[in-house]
1. Cut-off under 19 Å on the C-alpha distance; same-chain residues fewer than 8 positions from B:K156 excluded. Which lysines are left, in chain and number order?
2. Lysine pairs, Cα distance under 17 Å, 8 or more residues apart or cross-chain: how many in region B:1-132?
3. Could you give me the ³J(HN,Hα) list for region B:54-61, computed from phi with Karplus coefficients 6.51, -1.76, 1.60 and θ = phi - 60°, whole Hz, x at Gly and Pro?
4. Report the Cys residues of chain B lacking a disulfide-compatible partner, meaning no second Cys Cβ under 4.7 Å from their Cβ.
5. At q = 0.12, 0.22, 0.26 Å⁻¹, work out log10 I(q)/I(0) for region B:44-108 with the Debye formula, treating every Cα as an identical point scatterer and leaving solvent out; two decimals please.
6. So for the protein assembly as shown, considering every pair of alpha-carbon atoms, how many percent are separated by more than 35 Å?
7. Taking amide H positions as placed in the peptide plane 1.01 Å from N, state which residues far from B:A34 in sequence (5 or more) or on other chains have amide H under 5 Å from it.
8. Hey, what do the phi angles of region B:83-91 turn into as Karplus ³J(HN,Hα) couplings, whole Hz, using 6.51/-1.76/1.60 and θ = phi - 60°, x for Gly and Pro?
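FYI, it's all coordinate maths here, none of it is from the lab. Remember, it's a predicted structure, so these values are computed and weren't measured experimentally. In this analysis, Cβ positions are derived from the backbone assuming ideal geometry, glycine residues included, and neighbour counts consider all displayed protein chains.
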Amino acid sequence: MRLIKVKVVKEDGRYVYYYEVEKGDEDAGTTSESNDGRMGDDIIRTSRKAGSSKA
Amino acid sequence: MISSERQERPVLPRPDACPLCPGVLELERDYDLAVFENRFPALVREPANPSDSGSPLLESKASKGICEVVMYTSIHDSSLSRMPLSQIEKLVYVWADRYKELSQYPYVKYVFIFENRGKEVGATLSHPHGQIYAFPFIPIRMNLKLKNMKRYYSDKGACLLCDIVNEEIRLDKRLIYCNDFFIAMVPYYARFPYEVHVIPVRHIGNVAEMNPDEKKGLADILKVVTMKYDKLFDMEFPYMMAMFQTPSDGKDYEYFHFHVEFCPPLRGKNKIKWMASVETETWQFINPSTPEEIADELKRL
């Protein structure tokens, strides 16, 4: 994923950076994911039983 | 640090007057994620000279640094626990970018990324956001961590947290969740009842050193930990979340291992674990729960 940022300087001199995913790199976009607080399938797939890993 | 201007901060304004929502006050347009300089900073880029204390015994320095606010999302009614995983992943990239950029300022010695969630820990705005303090010095607790990790590295020839990760995985008594890149555990040395530490399996010093898979892994485990918290008492669980990363003073911190600490102020639903006399004045924390009991409770959620 690559983010691009746009800098804006406010009247009082403070800066703001607006971040967004670079065009053409939206494969990690939000459209297919739930936002209802449930644990998504993507999390379940990457999880493993605690203690089963090898560091 | 003395910052009297911070008394002027707004406290929990109505949702329709939230200064962090797009087009209201701080952000002039809609946004996905954003970062801006804090209107009420404890540290500023061009500070005034401190007033004379009148005594050589009472020293002071200008509060030179940077305080930023990190907007997780433009959606007012959201949180790490409710945001899509991909949004948290983008947030990790923003944190990495801020760490890299702020570390380049010669007067910045330590970049501290954190979040205060809930009025119980002093959050004055409910819109999902975190903060960054770019300090002109290494804060005292971080210095203590560095000292102890360095001593362990010198004595054992190994990283303290690498060894702790391996032992916690072997024992499996305090882990609440793992993915391929991180563990989340109630530490053996927990100060707060529901304290959770998130530690990478690989020896990494800061968020900017993470590869794309590790950034996704961090997003995943932060979401799961905060979801467990919210499910615990069926409420928006308050916490302080803090990242500990290699300092930005140009020195070698090979022995230091990145980690995230969650310190919730609750010991039960509507029960505060107060920072009372013993904790505040002696720094000795009295934890009324065993880490193993709490880990079991959080693991089952």
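1. Output for B:K156: B:K145, B:K147.
2. So the count works out to 4.
3. Ordered by residue, 3J(HN,Hα) equals x, 8, x, 6, 9, 8, 8, 9 Hz.
4. Taking the Cβ cut-off of 4.7 Å, the unpaired cysteines of chain B are B:C67, B:C178, B:C263.
5. Relative scattering, expressed as log10 I(q)/I(0), comes to -0.54, -0.95, -1.11.
6. Percentage above 35 Å: 22.
7. Those lying under 5 Å, H to H, from B:A34 are A:Y19, B:M71.
8. Once rounded to whole Hz, the list reads 5, x, 4, 5, 6, 5, 4, 4, 4.
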